[in-house]
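The values are calculated or read from the model by the stated rules, or taken from the named source; none is laboratory data. Source: prediction; values computed, not measured. Methodologically, a virtual Cβ is constructed for each residue, glycine included, from the backbone with ideal geometry; neighbour enumeration extends over all protein chains shown.
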Amino acid sequence: MPTEPAGAATDPTDPSTSMPNGGSSAPPANTSAATKFSVLAKFLRRKNQVHTADSQQAQTDFMQKFVPNGNAAPTAPDAPNGAAPGPPTATAPAPAAAPPPAPEPRGNFYQRIKKFVASYTQDPSTDNFYYWTCVVTVAYIYNLLFVIARQVFNDLIGPSSQSLCKLYNQTQNSTTELECTYEMLTNMKEMPTYSKYPDFGWSRFYHYRLWWILFDVLMDGIYFIDTFLNYRMGYMEQGLVVREAEKVTKAYWAGQQWKWDLISLLPLDYIFGWPIPIIGWRGFPLIRLNRLIRYERAKSCLERTETRSSMPNAFRVMVVVWYIVIIIHWNACLYFWISEWIGLGTDTWVYGHLNKQSLPDDITDTLLRRYVYSFYWSTLILTTIGEVPSPVRNIEYVFVTLDLMCGVLIFATIVGNVGSMISNMSAARTEFQNKMDGIKQYMELRKVSKQLEIRVIKWFDYLWTNKQSLSDQQVLKVLPDKLQAEIAMQVHFETLRKVRIFQDCEAGLLAELVLKLQLQVFSPGDFICKKGDIGREMYIVKRGRLQVVDDDGKKVFATLQEGSVFGELSILNIAGSKNGNRRTANVRSVGYTDLFVLSKTDLWNALREYPDARKLLLAKGREILMKDGLLEENAPEEQKTVEEIADHLNNAVKVLQTRMARLIVEHASTEGKLMKRIEMLEQHLSRYKAMARRQKGMHGTSIDGGDISSDGVEVRVRPPRLRQTKTIDVAPGSENEAFLR
């Protein structure tokens, strides 16, 4: 019996292990809230999942087998010499496992936090950082909306002054100022006056202000955390995200981002944004506008949300509507601010009892009424509708004029963008409708029968209903080939999993074939192929049913369903096939059928690089033909195509040309060497003749073979001369010396 290693210990929480001395395992501890939440999350994910566990496991196995970059599980290394490692025996017990190293002390909470902060860096491409940008955007919108509102509508943070309404006593012909009540603010003859509280309202409205301070601190806390993330934000270098804390920190201080982060965190609003009774400061909440400097973070959130959204056009429209609301909100605040500066109720343009559009009869002057009317006025002005009271004073005319000009420019741009977005939302439908209209006009011009025209229109309807108006190649052509192959694998997984001839193919071949599949849709009653036709494609059924029928179309031999393959025998060029490349059956579509089509040219272009897969496909084809009796007995195993024969001949011609060129060069070189040697021989011969002539001239004998007459005149007989030929220059020196030796 194998012994348990010394380092092993019994896990009391594992029900598969038992306590010593035969005791049962200890009861499990009480389930924590986190455990309950994780169990609930798993249950919800299980209920919301589309595929079952079996289909997901099958898809995972298929992708690991065929996708080139699949994440297949690493296999354990083989034992040496092919021997499988076995359990330790009693005669040779396994050595005791070394005890694990002692864990480092965790330290207290403060030390762990300090260590985390010292080593933390942020990857800007992660999903968690995207969610964080959404949180920062919420804080940004809070400041964008409420900073200006708190400055203009002072009652939001608790009024610093008491509103006093005048009460007329007609009997005594006197007026009395009292604190305004809800009834006094209805049907007013004069706008209330204001008297400052001694403590600027802190004793009466401290709870409102504490809530606003709490929200301000919360949003500033978000800004502070975002500043730390900017401080430790990774950056791209040579295609990789740099995550070293020292490099990231140095890059942060070297840039300009730290300046903007510092300005956006200046807490001046906590000092000057609230009323200070001691020095008589009423507060200036607008000083908090420095928080709006972080516009880039909100912009990044919107861009990434648009990229991730499945309906980007609808999201763009929503963002534009939100821009419109913010512009109207700010303009409404400016309108009421100017009304307060001029004086509420002083004329018919500003907000007040004289402006019956703002305060009609039986309407109470409240904070909500003031904001709603200001927003309504701003909307009418910026949309250039203009059904508002006419301005009276010069400053009012200037403000209305600037508002109208800004409204024309801003809303013309916004309306144009909204129009283009809406047109983009229906661009696919418009393009599809234009194609269908062109086919209709062509059929009407060529007098196509009404029955065929109805079939064509129904075919178009089927394409649009099933979202098949887009071509896969056109949509995916901007992606790299590897990504295209992976997407095509996942999209066509259910179909390819049922194709038998692809189950044993190499991963690279399958990836190439998937990219070359073309989707075609056939209407009910259409013949995909007929017996005797030349086969140039093979078909894979993606959706629908097909029937193999006789020549009359009445007798049904077989029914093809999803995953079936036909037509591959006519494009494999199997040697000895009695049918050649002709179709052997009639295939008809029962209803609307979606087929993946693979052309003969694409198949053989891919098979050139995968000879093993080519042999496998041809062997399967020969087996099918032999079973049906359509293969000749003495047929060769493989027949070369015309293209392959032509390539072979071209290669042979190139080899011959290379050999011929080599022979010509060698002949020219040999001839040049011979001519050089002949020239050298002639030079030596002429030199020897001159020497012999000087030596033998005194004896009366000519070196050329002539005699000297008695008259002393030499009778010269010319010797034969060598034939002069054209020579080829070679490098002098080496061959001359070799010849002389």
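Would you mind stating whether TYR182 is of a type in the set (Phe, Trp, Tyr) and part of a loop (DSSP other than H, G, I, E, B)? Answer is yes for this residue.
Could we say that LEU229 is out of contact with any Ser or Thr (no Cβ under 6 Å at 6 or more places or on another chain), part of a helix (DSSP H, G or I) and surrounded by 12 or more Cβ atoms within 10 Å (Cβ to Cβ) here? For LEU229, the condition - out of contact with any Ser or Thr (no Cβ under 6 Å at 6 or more places or on another chain), part of a helix (DSSP H, G or I) and surrounded by 12 or more Cβ atoms within 10 Å (Cβ to Cβ) - is met.
Matching residues to (1) outside any helix (DSSP H, G or I); (2) hydroxyl-bearing (Ser, Thr, Tyr); (3) modelled with pLDDT of 85 or more:
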{"residue": "ALA149", "(1), (2), (3)": "no, no, yes"}
{"residue": "LEU156", "(1), (2), (3)": "no, no, yes"}
{"residue": "LEU167", "(1), (2), (3)": "yes, no, no"}
{"residue": "THR175", "(1), (2), (3)": "yes, yes, no"}
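Yes/no per residue for (1) in contact with a helix residue (DSSP H, G or I) (Cβ under 6 Å, 6 or more places away or on another chain); (2) in the same structural domain as ILE624 (by TED's automatic domain parsing); (3) more than 25 Å from PRO611 (Cβ to Cβ):
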site	(1), (2), (3)
PHE527	no, yes, yes
GLY532	no, yes, yes
GLY535	no, yes, no
VAL541	no, yes, yes
ARG545	no, yes, yes
VAL549	no, yes, yes
LYS554	no, yes, yes
LEU572	yes, yes, no
ARG582	no, yes, yes
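Find the residue count for region 399-430, including only residues that are closer than 20 Å to GLY352 by Cβ and more than 46 Å from the chain's Cα centre (by Cα). Spell out the reasoning first.
Of region 399-430, the ones closer than 20 Å to GLY352 by Cβ are 399-400, 403.
Going one step further and asking which of them are more than 46 Å from the chain's Cα centre (by Cα), we end up with 399-400.
So the count comes out to 2.
Please find, within region 296-340, the residue that is surrounded by the fewest Cβ atoms within 10 Å (Cβ to Cβ) out of those that are assigned to a helix (DSSP H, G or I) and polar (S, T, N, Q). Break it down into steps so the answer makes sense when it comes.
Narrowing region 296-340 to residues assigned to a helix (DSSP H, G or I): 296-308, 312-340.
Filter again for polar (S, T, N, Q), leaving 300, 305, 307, 313, 331, 339.
Details: SER300: 16, THR305: 16, THR307: 10, ASN313: 17, ASN331: 21, SER339: 24.
The selected residue is THR307.
Per the conditions (1) touching a residue at least 40 places away in the same chain (Cβ under 8 Å); (2) touching a helix residue (DSSP H, G or I) at 6+ places or on another chain (Cβ under 7 Å); (3) within 22 Å of TYR140 (Cβ to Cβ), the sole criterion not satisfied by ALA245 is (3).
Check GLU303, GLU244 and return the single one that is assigned by TED's automatic domain parsing to the domain that holds LEU210, at pLDDT 85 or above and more than 27 Å from LEU145 (Cα to Cα). Spell out the reasoning first.
Details: GLU303 fails: more than 27 Å from LEU145 (Cα to Cα).
None of the other options fit; the residue is GLU244.
GLY532 meets each of the listed conditions (1) at negative phi; (2) in contact (Cβ under 8 Å) with a residue 40 or more places away in the chain; (3) not charged (D, E, K, R) apart from (1). With the structure loaded, tell me whether GLY234 is crowded, with 18+ Cβ neighbours inside 10 Å, within 30 Å of PHE153 (Cα to Cα) and modelled with pLDDT under 90 or whether it fails that test. It is false that GLY234 is crowded, with 18+ Cβ neighbours inside 10 Å, within 30 Å of PHE153 (Cα to Cα) and modelled with pLDDT under 90. For TYR610, the requirement of being touching a Phe, Trp or Tyr at 6+ places or on another chain (Cβ under 9 Å) and on the phi < 0 side of the Ramachandran plot is not met. Selection of region 306-339 for residues being more than 20 Å from ILE414 (Cα to Cα), in contact (Cβ under 8 Å) with a residue 12 or more places away in the chain and of a type in the set (Val, Ile, Thr) yields only ILE338.
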